[in-house]
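The values are calculated or read from the model by the stated rules, or taken from the named source; none is laboratory data. Since this is a predicted model, take the numbers as computed values, not measurements. Cβ coordinates were reconstructed from backbone atoms using ideal geometry, including for glycine residues, and neighbour counts include every protein chain displayed. Accessible surface areas use protein heavy atoms only, side chains included; no ligands, DNA or RNA. Shrake-Rupley method; radii C 1.70, N 1.55, O 1.52, S 1.80 Å.
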Amino acid sequence: MNAQNIAPCGINCSLCSAFSRKKDTCPGCNGIGTKPVYCRTCQIRFCSLKTAENEFCGSCGNYPCKRMKTLYKRYNEKYGVNIYENLETIRKKGIDKLIEEEEKKWRCSKCGSLLCMHKNKCPACGEINSHYTGTKNRQPF
């Protein structure tokens, strides 16, 4: 995991199934190379309000916008990923602290392999990914 793998919306691309697959691997939102259609056309990634000072959505004056609320709901309910928490960690503690926390959180408790947020089991040993189903948290905004 590294800072380049954290998307503007706060998603950690290192945990994506497209990033970890062996064939047609996605380089992540900030990476160079061929991306899946949904990444190439992402309206959050290409937001007109994004600037060098406003690299992550959490520092935008329009945060959380409708697109972020929709993305938060889907990723929190389906995959247990809280992009709002990720962006808050970046804002308060920095990107390195988020990566440190993600490294701990997304390791398999059985074998230590990196989990995929889109899979219900560890790709290495088959242990259940406790984050996969997430919680049905309500949107905080």
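Overview of results
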quantity	calculated
Breaking point among (1) at pLDDT below 90; (2) touching a Pro at 6+ places or on another chain (Cβ under 9 Å); (3) farther than 21 Å from Y63 by Cα; (4) open to solvent by 20 Å² or more (accessible area, probe 1.4 Å), for V37	(2)
Matching residues, region 1-33, being under 16 Å from Y75 (Cα atoms) and β-branched (V, I, T)	I6, I11
Restricting region 1-23 to residues that are more than 10 Å from the chain's Cα centre (by Cα) and in contact (Cβ under 8 Å) with a residue 12 or more places away in the chain, the residue that is least open to solvent (accessible area, probe 1.4 Å)	A18
Residue check, C108 touching a Ser or Thr at 6+ places or on another chain (Cβ under 8 Å), without any contact (Cβ under 8 Å) to a residue 40 or more places away in the chain and open to solvent by less than 20 Å² (accessible area, probe 1.4 Å)	no
Where C29 falls short, out of the listed (1) more than 30 Å from E127 (Cβ to Cβ); (2) buried (at least 18 other Cβ atoms within 10 Å of the Cβ)	(1)
In region 40-74, residue surrounded by the most Cβ atoms within 10 Å (Cβ to Cβ) [restricted to those that are within 15 Å of the chain's Cα centre (by Cα) and over 20 Å from R91 (Cα atoms)]	C42
